[in-house]
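Following: one structure in structure tokens, then a few remarks.
The values are calculated or read from the model by the stated rules, or taken from the named source; none is laboratory data. None of the values given here were measured: they were computed from a predicted structure. Here the Cβ positions follow ideal geometry from the backbone for every residue, glycine too, while neighbour counts run over all protein chains shown. Heads up: the accessible areas ignore ligands, DNA and RNA and are worked out on the full protein's heavy atoms, side chains in. Shrake-Rupley method; radii C 1.70, N 1.55, O 1.52, S 1.80 Å.
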Amino acid sequence: MLILPGFIVSVVTFPGVIIHEAAHVLACKLRGVVVKGVCYFRFGNPAGYVVHESIHDFNTSFLVCVGPFILNSLLCILLAFPAFVVVEGLNVKDEFSYLMIWLGVSIGMHAFPSKQDANELWGAANIAAKRLNPLALVSYPLVILIHAVNILRVIWADLFYGIFLGLVLPQILLERLM
Amino acid sequence: MKQSVCWRCLKLFPVEEMVVTAGRSLCGPCSKADAVARESEPVCCSVCQKQLPPGSKGQSGNASICDSCKATQWERTFPLWVKGMFAVLLTLAVLSYVFNYRFLVGYIESLRANRAWRDGKTEVAASLMESATKYVPESTDIDLKASLYRGVQFLGEGHPVEAVRLFRKYQEHYPEDQGINSLLLKAEANLAFQQKDYDTMLARYQTLFERDPSNPNIAAQVCSAFACKYAVTGEERFKQEANKYLERAKALDPKVFAAFEKLIYYRLTTRKIFPSEEVGPLQMEGKESR
């Protein structure tokens, strides 16, 4: 199993990092949370970050945390699907499609929230769960899943997710629908 | 029971009864009073500290921000290059769907063709796959599958010349594929029968039988080939071989035996061969060769 430093993976898949941070910012904007600072990409660890004010509403916390999962996943499918048809489905060599697959998978790889995002969500869920917020109760297993995926990044779980979304899921869906 | 101190009245209350507002834990009555007080106290923009109209509060209970700072924030947190990147991604996505539209249609046609093939609808599968080749002429896979499906249809309809040509085209790319090799042998055997080349016909069916000795149809075809040889040469050994394979076909599947028995009996007793007797619709299982 090839193990690469995280920053090298981030450099190679930099569009995903940018979209990930942009998704956080977009969620903050939609919910009126002041963004104090943002770094969309840098050569370091973390490769990107967003600094925002404290959030007191759990639904807002939830949206800010899972925003990248929604936006990155949707963009991954949108970009990779036509390219998958050409390269994988029809076995036709096409450079433009290879570019689109790289874009799609790169973006899909960074769909999962980071450990910091998960920790923030956990803290907010602890408070909201006392008021029996159903979303807060759902968040607990979600946070565990996020932490698990972040640990499994060592064995390329994020890459497999990106490939699954961009290349495997479209094939499964198309074969079932046709 | 856990208790907490109210930030306002400094009294102890159960944690469950406390309300967290702006980072402060307040009891029920104090939280209501605090809300009223906050409605009337001056609110300042959390960025530029400019006073906002009374009662202003940010969305979802967060800090307030004036419209000017909100617009500036939007510009600063979404710089031009980020917006440009989004625009480029969306443009690429649109272009990808527009330029690859024929690939999408061709791929969908090929999936429908494969489904028809699995359902045993050979002619429909062949037509759909040929339609797919029109959309994607550069795809070798699609072109070869179209050849395979059409070849199977021709073989079943008694056109072995076309079937052999199409199967050989497929076999050039997949020489190790046992499925296509068997189909080609069948087509060549049928073609040999049409050309009255019974030696080639027998050789092809014997090769097939060696590969699959438990197949009753193939056993019956070997029997038929020996019967043709007997009809032409009159040699008893061919008649004996024909009877031997007839018994073998019966042992493997009595239904196949029943279908062939009259044909073989007629051929062995009269030593006559009718062209239409040999080629009948072959039972294709509709599975992909590869």
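Taking a straight line from the alpha carbon of B:Lys121, these lysines sit under 21 Å away, with near neighbours fewer than eight places off in the same chain left out: B:Lys134, B:Lys145, B:Lys186, B:Lys287. Could you please report the charge total around B:Gln3, scoring K, R as +1 and D, E as -1 over all other residues with beta-carbon less than 12 angstrom from its beta-carbon? That sum, taken over residues with Cβ under 12 Å, equals 0.
A Gaussian network model of chain A, with springs between Cα atoms under 10 Å, assigns the largest mean-square fluctuation among A:His20, A:His56, A:His147 to A:His56. Taking Cα atoms only, the orientation of helix A:95-109 departs from the longest principal axis of chain A by about 20 degrees. Given their separation in residues at 0.36 nm each and the Cα-Cα distance between them, A:Ile70 and A:Val154 gain 28.0 nm when the chain is fully extended.
Toward the positive end of the charge dipole of segment A:47-178, with +1 on the Cβ of Lys and Arg and -1 on the Cβ of Asp and Glu, the farthest Cα among A:Ala124, A:Val85, A:Ala111 is that of A:Ala124. Spatially, segment A:103-145 and segment A:24-58 are offset by 15 Å when compared through their Cα centroids. In terms of its alpha-carbon gyration tensor, segment B:154-272 comes out prolate; a/c meets the 1.5 threshold, and the first ratio a/b outweighs b/c. Scaling against 2.2 N^0.38 Å puts the C-alpha radius of gyration of the protein assembly as shown at 1.59.
Bin by bin, in steps of 10 Å, what percent of the Cα pairs in segment B:189-230 do you find, going until the bin that has the longest distance? Going out from 0 Å in 10 Å bins, segment B:189-230 shows 37, 53, 10 percent.
Both radii were evaluated on the Cα set of chain A; the Rg over Rh quotient, with Rh as the Kirkwood radius, amounts to 1.01. Charge tally for A:Val149 (other residues, Cβ to Cβ under 12 Å; Lys, Arg +1; Asp, Glu -1): 0. Rounded to the nearest 20, the size of the Cβ-charge dipole of the protein assembly as shown about its Cα centre is 960 debye, with Lys and Arg at +1 and Asp and Glu at -1. Qualifying trypsin sites (Lys or Arg not before Pro) in segment A:111-162, where qualification requires a DSSP coil assignment and no more than 16 other C-beta atoms within 10 Å, comprise A:Lys130, A:Arg131. Charge dipole of segment A:20-178 (Cα centre as origin; +1 on each Lys and Arg Cβ, -1 on each Asp and Glu Cβ, all else neutral): 400 debye, rounded to the nearest 20. Considering only A:Leu71, A:His147, A:Thr13, the residue lying farthest towards the positive end of the dipole of chain A is A:His147, judged by Cα position with unit charges set on Cβ.
Think of each Lys and Arg Cβ as +1 and each Asp and Glu Cβ as -1; about the Cα centre, that makes the dipole of segment B:140-223 roughly 180 debye.
Heavy-atom accessible area buried between chains B and A is around 3700 Å² (1.4 Å probe, both sides summed).
Within 10 Å of the Cβ of each residue in B:137-148, the mean number of Cβ atoms contributed by other protein chains is 2. Straight-line cross-link partners of B:Lys11 among the lysines, defined as a Cα under 25 Å from its Cα and at least 8 positions apart when in the same chain: A:Lys130, B:Lys2, B:Lys32.
Close amide H partners of B:Leu52, meaning residues 5 or more places away or on another chain with modelled amide H under 5 Å apart, are B:Val43, B:Cys44, B:Cys45. Per residue, the convex hull around the alpha carbon atoms of segment A:37-112 comes to 103 Å³. Other protein chain C-beta atoms within 10 Å of residue C-beta, averaged over A:171-178: 3.
Centroid-to-centroid, using Cα positions, segment B:239-266 and segment B:113-150 are 36 Å apart.
Here segment B:185-216 is scanned for amide nitrogen atoms under 14 Å from the site 7 Å beyond the Cα of B:Arg237 along Cα-to-Cβ, giving none.
Averaged over the residues of peptide A:72-82, the number of Cβ atoms from other protein chains lying within 10 Å of each residue's Cβ is 3. Sequence-ordered 3J(HN,Hα) estimates for segment B:238-252 from the Karplus curve with 6.51, -1.76 and 1.60 and θ = phi - 60° stand at 5, 5, 5, 5, 4, 5, 4, 6, 5, 5, 5, 4, 5, 5, 6 Hz, glycine and proline given as x. Residue ranges A:160-168, B:255-263, B:157-165 sort as A:160-168, B:157-165, B:255-263 when ordered by packing (mean number of other C-beta atoms within 10 Å per residue, highest first).
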